[in-house]
Every structure is written in C-alpha cells, then in structure tokens.
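Asker: Below: one structure in structure tokens.
The values are calculated or read from the model by the stated rules, or taken from the named source; none is laboratory data. From a predicted model like this one, the values you see are computed outputs, not experimental measurements. FYI the Cβ positions are ideal-geometry reconstructions off the backbone, even for glycines, and counts take in every protein chain you see.
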C-alpha cells in the first residue's frame, strides 16, 4: 500500500491531489489535512467522486496528523501564498512559524517516509523541514527548480517546435530570482543549444522563466497546475523506484544548503546527484544563487 498524506488543501495542494487521482501514480491511499477541517472534508469528497472516473481505485479521506505514522510520503503545501509584488523570499518569516507547528505534530508520530515540500521559499522550507524533523537529507525533497525547468523546456519547445521530451536543459539554484540556466550543458537531442538559440534568445528565456510566477500571480492570483504536475511526477518516481533525474531541492553537503540541482530520485528518496561541468561564468552565477539561499538560512538561524 502506497500512502500519501497532503498537508495544506490550498491551490497547490489540491492541484497535486487532483494529479494523483487523475494520473497513474500507484498511490493507494490519499489523506488530506488542513487547518480548515471542513475544507479538507469537502475536497476529499469531491476527489472521491472524481476517482470513479480514474484508472486506479484510491482511498481518499480527510484526516489528521496521526495519519502520517504509516505514510510513505508527506507532502507539505501549507503556508501563506505569494502576493502580487512579493518575492518568494518575502514569505520566509510568514511560513517558518507554519512549518514549526506542522512538523512538531508530525514528529509526535512514527513517520519515517519521505517529505515532499512545495511551500515557498522552497529551498529554505526544505532546509527547515530537514532541521526540524531531524531527517537525513535524502529523505527531504523540495520541488526545487523542477517547475522552472519545465517552463524552460516549454519555452524552447515552442520556439523550436520540438517535443519538450527531446530538450535536455535545466534551471538550477534557488527557486526564485537568482536561479540560473547552465546553457553550456543544455542539449536539443544530441546537439548543443548554441546551434539553435542565440545569446539574445537565451537571455530572454531566462527572464521569462524567472518572471513566469509573477505574471501568473498578477493575472490569476496563484500558480498551481504546473507545480501540481511536478509534485506528481516526483511521486511517481518514488513509487516506481524509477531513478529519475529532477532538479529537485535537497541538502547537498558540498553546497552547504538545500538547492535545486539535478538529483536522482527513487523509492528511498534522493540517491545522489549528477555533477554539472559548468563554465567559469556559470559557476559564478550558481555561486551567487547559493549565497542567496545561505544568507536566508543564516537569517532564520535554525
């Protein structure tokens, strides 16, 4: 039995939950927890009705933190949303208190599965989860720059009219304004991207990726569907023991912080990471992003 407990039934959490119900994820049981218990109950009932049309039978209910005891994955999507004009890092003090209360409750159970984090500022909250839970780094996974990478591949796909599955390019670093694209290791099929994209186009794509969330929030108030799909794909990799590479966020000792980087994910969590051969300029960009994350970690002093 594969069990997922979702903490936080807002837009992101419910997009993830719907992706689980609608996709072939091998999830047998889904439990919803929210500070608004009536909302969790209503969402569970709505999903149950949807599940009658899905490929896989799944048990769905609203629950409480005791349900975490035998969970394989606890996904935390709770916290304050990013308001118009706010950066993801502006959310840090708003969401730190939320996480302290959530993880305190989970610590009272025998939960020994994998944490999957979706709350911003993503890299900071991933680090906070690791510290507060006292879990090993490989069992605490943030969505990292998986969504940013998906956005980049979409932009390249649209520009070149090539299937995004044949585009091998990453966004790494902070899930935020300092994220960067290591173009030197990006590939379209087996060819380097310089064969297809000029400097101006690459610069615009980085700008568009960084600004995507701001544009969506300005127009509809939140981002949800993209991150829901990314969380679902990570869940699939875990339950399939797939050894799939994602630019997820996890604590990497070499970098002294949790950061979006190409890591290999399977049933046990993060198996390891793939080393990137960056240029000197790219190393400086990545170093800057690491320093942004480290400075925030230092500020919260956990």
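Asker: Conditions first: (1) modelled with pLDDT of 95 or more; (2) surrounded by fewer than 15 Cβ atoms within 10 Å (Cβ to Cβ); (3) not in a helix (DSSP H, G or I). Residue 116 passes all but one, so which condition is the exception?
Answerer: (2)
Asker: I've got another one for you. With 284, 275 as the choices, which residue is without any contact (Cβ under 8 Å) to a residue 40 or more places away in the chain, in a loop (DSSP other than H, G, I, E, B) and at negative phi?
Answerer: 275
Asker: I'd like the full set of residues that are free of Cβ contacts under 8 Å to residues at least 60 places away in the same chain and assigned to a helix (DSSP H, G or I), limited to region 215-270.
Answerer: 215, 216, 219, 220, 237
Asker: Another question about this same structure. Is it the case, given these coordinates, that residue 19 is crowded, with 19+ Cβ neighbours inside 10 Å and touching a strand residue (DSSP E or B) at 6+ places or on another chain (Cβ under 8 Å)?
Answerer: No: the conditions fail for residue 19.
Asker: So, in region 119-163, exactly how many residues are touching a helix residue (DSSP H, G or I) at 6+ places or on another chain (Cβ under 7 Å), buried (at least 24 other Cβ atoms within 10 Å of the Cβ) and outside any helix (DSSP H, G or I)?
Answerer: Qualifying residue count, region 119-163: 8.
Asker: Identify, please: which residue in region 71-87 is within 11 Å of residue 121 (Cα to Cα), surrounded by fewer than 23 Cβ atoms within 10 Å (Cβ to Cβ) and touching a helix residue (DSSP H, G or I) at 6+ places or on another chain (Cβ under 7 Å) and is, among those, modelled with the highest pLDDT?
Answerer: 80
Asker: Please determine whether any residue of region 57-70 is surrounded by 15 or more Cβ atoms within 10 Å (Cβ to Cβ) and assigned to a loop (DSSP other than H, G, I, E, B).
Answerer: There is at least one residue in region 57-70 that is surrounded by 15 or more Cβ atoms within 10 Å (Cβ to Cβ) and assigned to a loop (DSSP other than H, G, I, E, B).
Asker: Could you identify the single residue in 289, 295 that is out of contact with any helix residue (DSSP H, G or I) (no Cβ under 7 Å at 6 or more places or on another chain), in the same structural domain as residue 180 (by TED's automatic domain parsing) and loosely packed, with under 12 Cβ neighbours inside 10 Å?
Answerer: Selected residue: 295, the only one of 289, 295 that is out of contact with any helix residue (DSSP H, G or I) (no Cβ under 7 Å at 6 or more places or on another chain), in the same structural domain as residue 180 (by TED's automatic domain parsing) and loosely packed, with under 12 Cβ neighbours inside 10 Å.
Asker: Given the conditions (1) touching a helix residue (DSSP H, G or I) at 6+ places or on another chain (Cβ under 7 Å); (2) more than 30 Å from residue 242 (Cα to Cα); (3) modelled with pLDDT under 95, report the number of the one that residue 50 does not fulfil.
Answerer: So the condition that residue 50 fails would be (2).
Asker: When you check residue 12 against the structure, is it part of a helix (DSSP H, G or I), in contact with a helix residue (DSSP H, G or I) (Cβ under 6 Å, 6 or more places away or on another chain), closer than 18 Å to residue 71 by Cβ and modelled with pLDDT of 95 or more, yes or no?
Answerer: Answer is no for this residue.
Asker: State whether the residues of region 181-195 include one that is part of a loop (DSSP other than H, G, I, E, B), buried (at least 22 other Cβ atoms within 10 Å of the Cβ) and in contact (Cβ under 8 Å) with a residue 60 or more places away in the chain.
Answerer: no
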